[in-house]
1. Mind checking whether some residue in segment A:30-47 is under 23 Å from B:Asn145 (Cα atoms), within 14 Å of chain B (Cβ to nearest Cβ), touching a residue at least 40 places away in the same chain (Cβ under 8 Å) and part of a strand (DSSP E or B)?
2. With B:Lys129, B:Lys119 as the choices, which residue is at pLDDT below 95 and of a type in the set (Lys, Arg)?
3. Mind listing whichever residues of segment B:131-184 are farther than 30 Å from B:Lys81 by Cβ and in a loop (DSSP other than H, G, I, E, B)?
4. Assess whether C:Ile114 counts as being within 30 Å of C:Val38 (Cα to Cα) and either part of a strand (DSSP E or B) or modelled with pLDDT of 85 or more (or both).
5. Would you call B:Ser157 among the small types (Gly, Ala, Ser), at pLDDT below 95 and more than 30 Å from C:Asn17 (Cα to Cα)?
6. Filter segment B:119-144 down to the residues that are in contact with a helix residue (DSSP H, G or I) (Cβ under 6 Å, 6 or more places away or on another chain) and either more than 9 Å from every other protein chain (Cβ to nearest Cβ) or without any contact (Cβ under 8 Å) to a residue 60 or more places away in the chain (or both) and list them by number.
7. Within segment B:119-130, can you find the residues that are of a type in the set (S, T, N, Q) and in a helix (DSSP H, G or I)?
8. Take C:Phe67 and decide whether it is more than 7 Å from every other protein chain (Cβ to nearest Cβ) and surrounded by fewer than 19 Cβ atoms within 10 Å (Cβ to Cβ).
Amino acid sequence: MTPLVIESTDLTPKICFRPDKKEFEISGESRPENVRKFYEPVMDWIDNYKDHLHANKAKGSEKLVFKFKFEYFNSTSAKFLTSIINKLDTIKQEVMPVEIEWYYDAPDEDMKNSGEEFSKMVSIPFRFFSVN
Amino acid sequence: MGPEDNYIYDIHLKMRDNNVLLAYTGELDMKIIDALITSVKLKLKEVKYFPRVQKRVYGIMVECLEAIHSGYDITKKQNRKINPFSIFTLSCDKDYYYLISGRYIFNDNIEFQRAQIDKINALNIDGKKQLYREYVSDVTVKEYNTDLAMVDIAIKSNNTLTYEFRKVDDTTSFYIFQVKIKVN
Amino acid sequence: MDDEFVLEILRVMETNNVILAFNGEFDMRVINALVTSVKEKLSNVESNIFVQKKIYNVMVECLENIFRHSENAIQQHIHLRSFAIFTLRKDGNDYYLVTGNYVQNKSVDFLKNIIDKINTLNKAQRWEMYREILANGEFSDKGGAGLGIIDIAIKSGSQLKYDFRKLNDNNTFYVFQVCIHNNNSHLNN
């Protein structure tokens with residue numbers, strides 16, 4: 001499975017999905033001018049990865065950990081993040097355990113709350129980390 | 001200089017008296033929005049107190065500017081022409097940060113706007129969060145969604161959203177939208 | 001609602017045909033965005049490419065002047081607000097670029113003198129002064145503004161206007177206005 005690596009810009013986060021290294025991370029700021037254009041390849045990649053896991057009969061004993069390290073995301077991005085997290089939920093239900101690590105700046109409780117909101121929408125366990 | 005140029009001093013004094021940190025008037029495009037956002041972001045980083053509030057101000061400011069822009073975008077898609085002049089100000093006093101935005105709106109869109117905000121204002125915080133969940137997971141809406149933006153602003157500001165429509169003529173009004181964010 | 005001042009500002013902007021105004025701290029990013037935005041929009045309000053180009057060039061210089069002023073204020077640790085205002089407005093066929101910013105009272109005479117002097121010069125003399133300032137390192141170091149102002153005068157080809165409003169023992173609000181005429185140069189060569 002080819003990794004997906006997109007470098008960050010002022011408006012878009014860094015995407016770093018490297019299955020070979022078991023690294024799955026989204027970090028930075030998200031307010032793309034065209035949100036769909038930015039997130040569609042990310043969602044497609046996750047779909048393909050799910051198929052890949054199915055085809056390779058990934059074992060339920062392993063675990064995928066997705067790290068979300070946002071400085072900020074706008075409300076439009078929130079819609080796409082919801083879709084991404086729902087896709088991860090499907091992997092969890094159909095293939096193997098998935099966990100989400102949600103990082104936020106220590107004083108940024110709004111970011112923590114956003115993560116908690118997402119956690120209520122899916123069955124994936126969320127772990128929260130405050131960063132100083 | 002002739003008296004016709006006194007306006008610049010008057011404007012500046014008005015801004016100063018109202019503790020305006022930043023104000024833009026004119027047509028808003030993505031470049032300007034980006035510059036305003038980045039400028040405020042850098043300035044807020046310099047202030048060490050209440051970083052939580054500053055992040056909040058930042059997030060709400062992004063949503064407000066995007067909302068103005070999208071308002072004009074929708075008009076454009078409807079092939080209707082409206083004066084693209086808008087105002088955006090960020091000001092503060094000892095208790096609150098104020099984000100005020102103003103733009104032209106067609107009179108026949110006022111009711112929709114009013115209903116959208118009134119609906120959000122009528123809810124308590126749990127109701128607002130519930131509404132947010134509904135909007136964010138609504139897969140039928142793919143494009144930018146002002147409902148979602150407004151409820152997001154309401155949750156983050158934890159305050160009533162205020163608005164006003166000043167009639168300009170039979171077809172248009174000037175729509176002012178204000179958010180207050182408590183300093184601490 | 002505490003928004004009356006927003007409506008007042010809107011009214012003032014519209015009665016003065018203001019195309020664009022920014023009030024706040026000028027950093028390079030804001031300057032670039034304002035300049036790019038005006039560059040893109042000028043073609044909607046002005047068909048004469050020559051005039052468009054002129055407005056653009058003078059605007060860049062005006063904004064950089066503001067930026068230099070606030071830089072100086074910061075470097076000298078003066079607690080001036082590095083707050084300034086820029087407006088572009090159209091009056092008939094002519095365009096007015098107006099800036100307002102805080103200066104120290106002791107800079108007022110320097111600015112008055114240099115603008116008054118420039119206003120007495122014709123085109124050739126302005127160029128001469130420009131070259132002089134460029135050649136004289138000491139002078140240009142002290143007043144990057146001096147070079148900026150003469151540059152604006154040459155590019156606009158018009159008389160420069162100013163207004164100083166003393167605020168207190170230290171600070172004055174300095175308003176600077178330049179006009180871009182939409183016909184041939186008004187300056188006698």
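1. Among the residues of segment A:30-47, at least one is under 23 Å from B:Asn145 (Cα atoms), within 14 Å of chain B (Cβ to nearest Cβ), touching a residue at least 40 places away in the same chain (Cβ under 8 Å) and part of a strand (DSSP E or B), which makes the answer yes.
2. Numbers: B:Lys119 fails: at pLDDT below 95.
When all the criteria are applied, what remains is B:Lys129.
3. B:Ser137, B:Asp138, B:Val139, B:Asn158, B:Asn159, B:Thr160, B:Val183, B:Asn184 - these are the residues of segment B:131-184 that are farther than 30 Å from B:Lys81 by Cβ and in a loop (DSSP other than H, G, I, E, B).
4. Numbers: within 30 Å of C:Val38 (Cα to Cα): yes; either part of a strand (DSSP E or B) or modelled with pLDDT of 85 or more (or both): yes.
Judged against the criteria, C:Ile114 is a match.
5. Answer is yes for this residue.
6. Our first condition is that a residue be in contact with a helix residue (DSSP H, G or I) (Cβ under 6 Å, 6 or more places away or on another chain); within segment B:119-144, this holds for B:120, B:128, B:131-132, B:135-137, B:144.
Those that are in contact with a helix residue (DSSP H, G or I) (Cβ under 6 Å, 6 or more places away or on another chain) and either more than 9 Å from every other protein chain (Cβ to nearest Cβ) or without any contact (Cβ under 8 Å) to a residue 60 or more places away in the chain (or both): B:Ile120, B:Lys128, B:Leu131, B:Tyr132, B:Tyr135, B:Val136, B:Ser137.
7. Kept after step one, since they are of a type in the set (S, T, N, Q), are these residues of segment B:119-130: B:121, B:124, B:130.
Answer for segment B:119-130, where residues must be of a type in the set (S, T, N, Q) and in a helix (DSSP H, G or I): B:Asn121, B:Gln130.
8. Working: more than 7 Å from every other protein chain (Cβ to nearest Cβ): yes; surrounded by fewer than 19 Cβ atoms within 10 Å (Cβ to Cβ): no.
Against the criterion (more than 7 Å from every other protein chain (Cβ to nearest Cβ) and surrounded by fewer than 19 Cβ atoms within 10 Å (Cβ to Cβ)), C:Phe67 does not qualify.
The values are calculated or read from the model by the stated rules, or taken from the named source; none is laboratory data. Just so it is clear, the model here is predicted, and its values are computed rather than measured. We place every Cβ from the backbone using ideal geometry, glycine too, and count neighbours over all the protein chains shown.
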